[in-house]
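Before any comments, here is the structure.
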Amino acid sequence: MIQHLLHISHVSKHFGGNVAVSDVSFSVDEKEIFGLIGPNGAGKTTLFNCMTGFYPATAGDVIFDNKKINALRPDEVCRLGMVRTWQRVKPLGTLTVLENVMIGAFAITNATRDAEAIARENLQAVGLSDYADKLAGSLPIGLKKKLELARVLATHPKMLLLDEICGGLNHTETDTILEIIRRVRKQGATIVFIEHDMKAVTSICDRIVVLNSGEKLAEGTPEEITNNPDVIAAYLGGGYNA
Ligand SMILES: Nc1ncnc2c1ncn2[C@@H]1O[C@H](COP(=O)(O)OP(=O)(O)OP(=O)(O)O)[C@@H](O)[C@H]1O
């Protein structure tokens with residue numbers, strides 16, 4: 001039976017007088033790849049921050065795996081199985097690639113040997129095994145994004161929140177990341193994906209929510225979203241060709 005793994009219920013986030021997210025509700029099912037799209041400043045990252053304990057929501061509830069997680073800290077949310085990547089990837093540059101991924105693994109084990117084994121497994125999963133001993137700071141952006149994926153995968157998440165994981169990548173790098181995401185879903189994870197690259201979004205997402213000025217503008221399949229006149233007017237532009 002398909003179950004909602006995540007339920008966002010009437011979530012709002014205000015920064016003083018600035019309403020960044022306004023009364024947004026939607027649900028994500030187990031093993032879905034779910035897209036969160038919208039113009040710059042629409043509130044996508046703020047919503048991720050409210051979901052993962054980095055910001056308290058001003059109003060509303062975040063229910064993950066049947067638990068209300070509004071008041072939890074980011075590390076507590078991570079231990080429950082929801083983990084995020086950052087739009088601007090910031091690995092610990094003076095640690096090796098392996099050590100960076102081990103930090104993720106320490107969310108699920110205290111044993112260094114186990115953390116190393118989990119880290120190596122996930123470096124292999126993203127194709128970074130050959131870079132294990134390199135300093136993370138020395139990697140180009142495409143490999144840093146893969147490192148970011150390996151780090152969150154090492155926490156063995158039920159749900160991954162990916163914030164522009166394809167941002168700044170070329171087509172080949174994007175395709176590789178999308179292939180990894182498909183594989184991760186096949187292995188049982190659920191994915192929420194913030195992305196501006198509409199080709200990537202429509203090729204990988206089962207369903208999409210569109211935010212605009214903090215409000216939910218539309219929800220549907222990629223086909224419904226790319227043909228929605230309100231979404232075309234607010235985000236995709238008149239020249240968009242579904
Ligand atoms: N810490 C903060 N303090 C004050 N305002 C903030 C803060 N974080 C975000 N905002 C504001 O909230 C609104 C939504 O920003 P947010 O970064 O969530 O949008 P976004 O959809 O992720 O945009 P982008 O696609 O450019 O990343 C913007 O007006 C932004 O200036």
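Just a few scattered comments:
- Strands (runs of 3 or more DSSP E) (entirely within region 127-242) containing at least 1 residues that are among the hydroxyl-bearing types (Ser, Thr, Tyr): 190-194
- Residue in region 57-72 that is of a type in the set (D, E, K, R), over 25 Å from residue 185 (Cβ atoms) and assigned by the TED database to the domain that holds residue 9 present: yes
- Filtered by the rule that a residue be in contact with a strand residue (DSSP E or B) (Cβ under 7 Å, 6 or more places away or on another chain), over 20 Å from residue 167 (Cα atoms) and in contact (Cβ under 8 Å) with a residue 24 or more places away in the chain, region 208-224 gives 214, 215, 216, 217, 219.
- Looking only at region 1-17, and only at residues there that are in a strand (DSSP E or B) and among the small types (Gly, Ala, Ser), the one that is nearest to residue 67 (Cα to Cα): 9
- You will find that of 119, 132, the residue that is at pLDDT 95 or above, surrounded by 23 or more Cβ atoms within 10 Å (Cβ to Cβ) and not assigned by the TED database to the domain that holds residue 36 is 119 and no other.
- Taken over region 25-47, residues that are within 8 Å of the ligand (Cβ to nearest atom) and more than 17 Å from residue 204 (Cα to Cα) amount to 9.
- For region 18-99, the strands (runs of 3 or more DSSP E) that sit wholly inside it and include 2 or more residues that are surrounded by fewer than 18 Cβ atoms within 10 Å (Cβ to Cβ) are 18-29, 59-64.
- Here residue 97 qualifies as under 30 Å from residue 169 (Cα atoms) and either of a type in the set (A, V, I, L, M) or away from the ligand (no atom under 16 Å from the Cβ) (or both).
- Close pairs from region 2-16: first on the phi > 0 side of the Ramachandran plot, partner away from the ligand (no atom under 14 Å from the Cβ) and modelled with pLDDT of 95 or more, Cβ under 7 Å, at least 6 apart: 10/23; 10/25; 10/59; 10/60
- First in region 72-99 and over 20 Å from residue 136 (Cβ atoms), second anywhere and within 15 Å of the ligand (Cβ to nearest atom) and not aromatic (Phe, Trp, Tyr), Cβ under 6 Å, 6 or more apart: 72/53; 73/53; 74/52; 74/53; 77/52; 77/53
The values are calculated or read from the model by the stated rules, or taken from the named source; none is laboratory data. Keep in mind that this is a model prediction, so the values were computed, not measured. FYI the Cβ positions are ideal-geometry reconstructions off the backbone, even for glycines, and counts take in every protein chain you see.
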